[in-house]
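Structure first, then comments.
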Amino acid sequence: MLVDIVLDAMGSDKAPEPELRGAILACRNYPVRIHLVGPEEKIRPALDAHLNGEHLPIEVVHASEWISMEDKAAQAVRSKKDSSMRVGLKLVREGKARGFVTAGNTGAAMASAKMVLGALKGVDRPALATILPTSSGTPCLLLDVGANVDCDPENLCQFAVMGQIYSRNVLGIAKPRVGLLSIGEEDSKGNALSKETLPLLRELKSINFVGNVEGRDLFGSHVDVVVCDGFVGNVAIKTIEGVARMISDELKKSLKVTITSQVGALLSRRAYKNFKRRLDYSEYGGAPLLGVQGACIIGHGSSNERAIMNAVRVAVQFAQADVTHAIEHALEPQS
């Protein structure tokens, strides 16, 4: 049975080309029906040209407006009532699709999802999560990375529960280890928020909490889910992106200078490609917004067709694993 997923055709920096190519790749590789949302007069001719007669389960849904990266998120969400984001999210709300994918304006996507889909029962604030590569090869989930700049201890506890469910149900880690991001492993380390949160996380019987973890532990092998407020998480993820880009560029320069033989150059190119693939955001498929009514995956603005395809894959996995109901059940207020 095909899983219906909505794809914002006007989200990425180079829209709609990456979205069209990504939708086609997704339909060729996964059991999915794509609902491409955007201005039909622009999307349909381009899609037909790419398909070149091939029949794939892709439908075009008209939306007269779209939100650009330059738009102010709050203002655009209010004023552009027929945007591709809002139209697409309405399809999920109405039960016509099980997930939504966009590589558009992150702030607008989060605000639109909260407004159109609404938060799950028991969730005070939805959180944006991202997947990090680790030395062990298993992914580490970091949340929140920007949805909530200011948080209280209860928010972080909810993030921990949601992160553990996503790690288990989608990433396939049987018993995810959950850590609290701080400036030291000792209980006495941290700011007021982390110190107040630590005992509450220890009291949660539903999670496998391992205590405080430091920034260097994000890429290690002894933690699977790391929680923090959105301010710290956003600074962390952007720092990581910058360092990864610098290392990749410097490694490439060094290889060009030091490798002379043809065999050495070939082996080094293979090693470099493998290294770069492990750090490539396009392989991880975007960031899930956890805690809203439905699968909502937000990709990078510079997403290529492979990143779009993988974002669709994540949305399908999210829907099939029933993450939404699992979170709602875990955080259901006790009577």
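The values are calculated or read from the model by the stated rules, or taken from the named source; none is laboratory data. Here the structure is a predicted model, which means the values were calculated and not measured. When we count neighbours, we look across all protein chains shown, and the Cβ atoms used for this are built from the backbone with ideal geometry, even at glycine.
Observations
- Whether a residue is under 30 Å from Asp152 (Cβ atoms), in the same structural domain as Cys151 (by TED's automatic domain parsing) and modelled with pLDDT under 95 was assessed, and Glu241 passes this test.
- Sole residue being outside any helix (DSSP H, G or I) and under 28 Å from Cys296 (Cβ atoms), chosen from Leu193, Leu171, Leu218, Leu201: Leu171
- Qualifying residue in segment 36-56 (condition: within 18 Å of Cys296 (Cβ to Cβ) and polar (S, T, N, Q)): no
- Subset of segment 30-53 [without any contact (Cβ under 8 Å) to a residue 12 or more places away in the chain and among the acidic types (Asp, Glu)]: Glu41, Asp48
- Number of residues in segment 41-65 that are among the charged types (D, E, K, R) and in contact with a Ser or Thr (Cβ under 9 Å, 6 or more places away or on another chain): the value is 1.
- Qualifying residue in segment 149-159 (condition: of a type in the set (Asp, Glu), under 15 Å from the mean Cα position of the chain (by Cα) and over 19 Å from Asp322 (Cα atoms)): no
Conditions tested, residue by residue: (1) in contact (Cβ under 8 Å) with a residue 60 or more places away in the chain; (2) surrounded by fewer than 19 Cβ atoms within 10 Å (Cβ to Cβ); (3) assigned by TED's automatic domain parsing to the domain that holds Asn234.
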{"position": "Leu89", "(1), (2), (3)": "yes, no, no"}
{"position": "Gly104", "(1), (2), (3)": "yes, no, no"}
{"position": "Ala113", "(1), (2), (3)": "yes, no, no"}
{"position": "Ala147", "(1), (2), (3)": "yes, no, yes"}
{"position": "Asp152", "(1), (2), (3)": "no, yes, yes"}
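- The combined condition, being in contact (Cβ under 8 Å) with a residue 12 or more places away in the chain and within 21 Å of Ile131 (Cβ to Cβ), is fulfilled by Val213.
- Some residue of segment 168-177 being buried (at least 17 other Cβ atoms within 10 Å of the Cβ), in contact with a helix residue (DSSP H, G or I) (Cβ under 7 Å, 6 or more places away or on another chain) and either closer than 16 Å to Thr197 by Cβ or hydroxyl-bearing (Ser, Thr, Tyr) (or both): no
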